[in-house]
Each structure stands twice: as C-alpha cells, then as structure tokens.
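**Student:** Here you go, one structure.
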Amino acid sequence: SPSRGGSHRVRPPFLRSVVSTPPDQSASKPSPEAPVWLEEVYGLVAEKKLDTAIDVLFDHVDDLLLAGEFARCDELLKVVDTERLDTNLLTAALSITRRAAPKLPFRARFVERVEERLRVLAPERVERLLYGLR
C-alpha cells in the first residue's frame, strides 16, 4: 500500500513468515514475541519520525487484518510496549484495529493499557484522544 509520501513500501521477507505461521504455533507459546518490524516502529518513534512509524504500523497491521490473521494481530496487541510509543502511535494502533475489534479478544485490554499510558503522556486530552477508538 502507498505510504503518505506517495512512495510504495516493499514488504520485508520476515513478514511472510509472520503471516504464514499457523495460528496454533503462536497459541502454544507461553509469551509471544514481538515481530521484528515492531522494533523498527520503536526506533522511528525514538527518532521522532512519527509519520514513517505510523506508515510502518499501518502497513503491517493492515496486511495481517486483510489476510484474516486476527489471532496474529491479537498476539501483536499483547506484546506492544506502550511505554515506547507516543500519543500518535498509540491512537494509530487503536484506529487501525477498531473495525476488527470483535475478532480481537485482547483489544479491550490493549485499549485499557493505551488509556493508562495516555493518562501519563497527555492527561488533559485522554478522552479526546480516545473518542471513537474504544
């Protein structure tokens, strides 16, 4: 999918393994591991390259959802480190997963985690930021 800048992102080969791994394998892991691209997102946030970070997040999560990989996406919500994301990325994660919420059992807890983090980052704007995203 095209990014905001109009260029086309090439999917890294590791995403194919994330998408093609059978759900039963991830379900048997006691503690799910974050995909490699999530570290890229954290790094971009640290470098204040927020538009690029949002593009990476949207591209990968959108791919999972379009592929019907709801269990993988739900596992992703369990491992996202909300401490390493800013308000933009936290709300972006809620936005991209909102329509699939009925198929993402962990999303309700993820919303709670995001809300807790937003109360630290932007206490006066929490309700405004979460409007329509729960």
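Throughout, read-outs are computed from the coordinates displayed, never taken from laboratory work. Values in this document were obtained by computation on a predicted structure and should not be read as measured data. As a convention, Cβ positions derive from the backbone with ideal geometry for all residues, glycine included, and neighbour counts pool all protein chains shown.
**Student:** Exactly one condition in (1) more than 10 Å from the chain's Cα centre (by Cα); (2) closer than 21 Å to residue 36 by Cβ is false for residue 87; which is it?
**Tutor:** (2)
**Student:** Residues that are of a type in the set (S, T, N, Q): which helices (runs of 4 or more DSSP H) entirely in the stretch 43-134 hold 3 or more of them?
**Tutor:** Output list reads 87-98.
**Student:** While we're here: Give me the residue from the stretch 91-134 that is in contact with a helix residue (DSSP H, G or I) (Cβ under 8 Å, 6 or more places away or on another chain) and among the polar types (S, T, N, Q) and, out of that set, surrounded by the fewest Cβ atoms within 10 Å (Cβ to Cβ).
**Tutor:** 91
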